[in-house]
Amino acid sequence: MAGKLIQVATNTVTTPVASVTLTGIDSDDVYMLFYNNVTPTTNGDRVDFRVTVSGTPDTTANYDHAQKFLSVGGGFFNGFGTNDTAYFLIAQQVATGLSSNGIMHLFNFNNASEYSYLTNDNAFFWTGTLALLGQQGGAVNTVAQSCDGVHFFATGSSNIESGTFTLYKVI
């Protein structure tokens with residue numbers, strides 16, 4: 001049956017943690033990652049994302065990304081980065097007590113001869129104006145390597161206060 005989701009891994013944060021890692025990507029299928037209620041412990045800090053190789057986060061400066069932020073007030077702005085050490089699209093400066101929710105599609109993660117790509121769609125309340133923002137974008141890890149999972153971590157002095165992260169294989 002085409003279009004079926006098979007749960008690979010899940011983690012629900014109920015007490016603050018520095019990071020969350022989900023592994024289990026073991027085929028060339030497309031994977032989907034759902035995250036909801038993701039909140040950093042410190043106002044204005046982020047929850048960032050990296051791929052994992054053999055269960056270990058890839059911290060090299062090989063992440064390129066671009067995204068568009070759409071404001072409920074009608075405005076928009078662009079974000080981008082090249083040769084970064086992480087992809088920061090998960091909880092971008094989320095206000096304390098508010099959360100980020102979204103979906104990622106993961107492509108080529110298991111294929112050791114291709115770059116790993118992702119698309120991301122999320123919504124969150126930005127610290128600066130407490131405005132609801134929608135964020136759509138994509139990223140690439142510019143190393144041809146087999147990635148077996150994903151790693152989320154809080155920036156600054158934060159931890160991840162809450163959140164549910166669930167990884168699915170699309171078959």
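Summary table
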read-out: Long-range HN-HN contacts of GLU114 with modeled amide H, under 5 Å; value: GLN145
read-out: Full-extension gain in nm, ASN37 to ALA61, via 0.36 nm per residue minus C-alpha separation; value: 5.8 nm
read-out: Placed amide H near ARG46: partners under 5 Å, 5+ positions off or other chain; value: GLN93, THR155
read-out: Estimated inter-spin distance, ASN11 and ASP29, nm [label 7 Å along Cα→Cβ]; value: 2.1
read-out: Most mobile of SER113, SER158, SER100 in a GNM of the chain (Cα contacts under 10 Å); value: SER113
read-out: Ranked LEU167, LEU132, criterion: other C-beta atoms within 10 Å, fewest first; value: LEU132, LEU167
read-out: Candidates ALA154, ALA18, ALA139, ranked by Gaussian network fluctuation over the chain, Cα under 10 Å, top entry; value: ALA18
read-out: Using alpha carbons only: equivalent-ellipsoid semi-axes of the chain, gyration tensor based, whole Å; value: 25, 17, 16
read-out: Distance between modelled label sites at ALA18 and ASP121, nm, 7 Å Cα→Cβ extension; value: 3.5
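Every number in this text was worked out from the coordinates using simple rules, so none of it is lab data. Nothing here was measured: the structure is a model prediction, and the numbers come from that model. In this analysis, Cβ positions are derived from the backbone assuming ideal geometry, glycine residues included, and neighbour counts consider all displayed protein chains.
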